[in-house]
Amino acid sequence: MMKTLSTIIMGIVILAGLILAVTPFVADKFFPVPENATRVAKPEAAVMALQQWFQSPDALITDVQAINKSGNEASSSWFSFSVGRRPVEKYIINKKLSQNTLTPEILESTFSTNNPPASWWHPTAVNQETYFSGTDQGRSVALIYNPDTKRGVLVTSTKKLN
């Protein structure tokens, strides 16, 4: 009796393991992720994301709008926000972002490529002549920030490895 019970339990455990191993492949076959899935972030979630990016959990970040677009080969996120100078300054220094001249070509290639389908995305509205760029956690980062108006836009992107 005990020998049969342990054999049945072992069979159930092995079967469960096989089902768990095969489920992602079956799910991907029947429910594939769209090529370019776009998600609009809730303002609270976007504020938390920016607080984590800036490593300033106490920072008062307002007027936040965010959108994420991910596909099979790349993922990009766009943020528009208002925040005081200190968290942005701290982020730029900590991540060693380089300051560059914001030319029309850079504006087009970095901030307007794969434009998010959002009416609020206007990086030129920040009214700055420079931007900051670099990498953070394996993602490329481009930031335009105006300390006078306390407005900023942030673009992050990553290429997925296949």
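Computed quantities for the displayed model
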quantity	calculated
Rounded FRET efficiency, nearest 0.05, which uses the C-beta distance separating residue 150 from residue 21 and R0 of 45 Å	0.35
Separation of the residue 38 and residue 5 label points, Cα + 7 Å toward Cβ, nm	5.9
Neighbour net charge for residue 158 - beta-carbon separation under 12 angstrom, K R +1, D E -1	+2
Stretchable slack from residue 159 to residue 89, in nm (0.36 nm times residue separation minus alpha-carbon distance)	22.5 nm
DSSP-assigned coil residues among GluC sites (Glu not before Pro) in the range 83-148, each with at most 14 further Cβ atoms within 10 Å	129
Label corresponding to Cα extents along the principal axes in Å when calculated from the structure given, among [x] 79, 33, 26; [y] 49, 33, 22; [z] 71, 30, 19	[x]
The range 10-162, dipole about Cα centre (Lys/Arg Cβ +1, Asp/Glu Cβ -1), debye to the nearest 20	280
Virtual spin-label span in nm between residue 101 and residue 45, 7 Å along Cα→Cβ	4.0
Positive-pole candidate from 158, 120, 106, dipole of the chain, charges at beta carbon	158
18 Å Cα cut-off, lysine pairs counted over the chain (separation 8 or more, or different chains)	4
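FYI, it's all coordinate maths here, none of it is from the lab. Predicted model only: the values in this text are computed from it and were never measured. Note: ideal-geometry Cβ built from the backbone for every residue, glycine included; neighbour counts use all protein chains shown.
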